[in-house]
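Input: a single structure, listed below in structure tokens.
The numbers here are math on the coordinates, done by the rules we state, and not lab data. As the structure is a prediction and not an experimental result, all values here were calculated from the model. Counting neighbours? That spans all protein chains shown, and the Cβs are built from the backbone with ideal geometry, glycine included.
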Amino acid sequence: MCPTVWFSYALKACLLVIGMTACAPTVSRYPYASEPDPRARPYVIAVSDALSIRVWGNADLNTDATVRPDGTITMPLVGDIPAAGRTTAEVRQTISQALRAYVKDAPSVTVAVTHIGYRVAVVGNVSRPGVYESQHYLTVSEAIVLAGGPSRFASPDETVIIRTGVNGQVRRIPIQYDQVELGLRPDQDLVLLSGDRVYVP
């Protein structure tokens, strides 16, 4: 083969490799699998959830309550009960123990969530930024679709979930939304927790 032709082929091959490398998406090393999936465990009560509490044989103690911003509800006799961040079984146990000081026989208590106050925020360069309520859990992609999707000025590959842990610490979870949308990073399409903020720069 003529050296000039060989050099031309070699140059084209190098340019192709360089182009593919430049276009390859950056791989995030965030441990997405370590983030909780609330669908895989009993429902955890959140602020603004509505609860129905029934005490068998003591109708005066029956209560319908909404979880306040401080995470508590109020019951007759008992007073304030912590609810947010706990399951219905845990709240039922706390109420039962508290009522033993006032009710002679061990009270039979039921606690049910009648309305889920699940809220997530989608902010930044999306068509309809705001707070969205839902009666079921939303993934990142579902929340962004509700917000009308990224605007033409957005950088969806730099999307971030801003999440506050139970310890009050805030962490930023990087999401390559363009890769999620193409089905290339399903691991990043996390289920959002109530109170999460999705920021699309």
### Query
Looking only at residues in the range 35-54 that are aliphatic (A, V, I, L, M) and under 12 Å from Arg92 (Cβ atoms), which one is surrounded by the fewest Cβ atoms within 10 Å (Cβ to Cβ)?
Leu51
#### Entry: Residues satisfying the stated conditions in the range 120-137, i.e. in contact (Cβ under 8 Å) with a residue 60 or more places away in the chain and farther than 10 Å from Arg197 by Cβ
Asn125, Val126, Tyr137
### Task
Inspect all residues belonging to the range 56-64 and state whether any of them is part of a strand (DSSP E or B) and either without any contact (Cβ under 8 Å) to a residue 60 or more places away in the chain or loosely packed, with under 12 Cβ neighbours inside 10 Å (or both).
yes
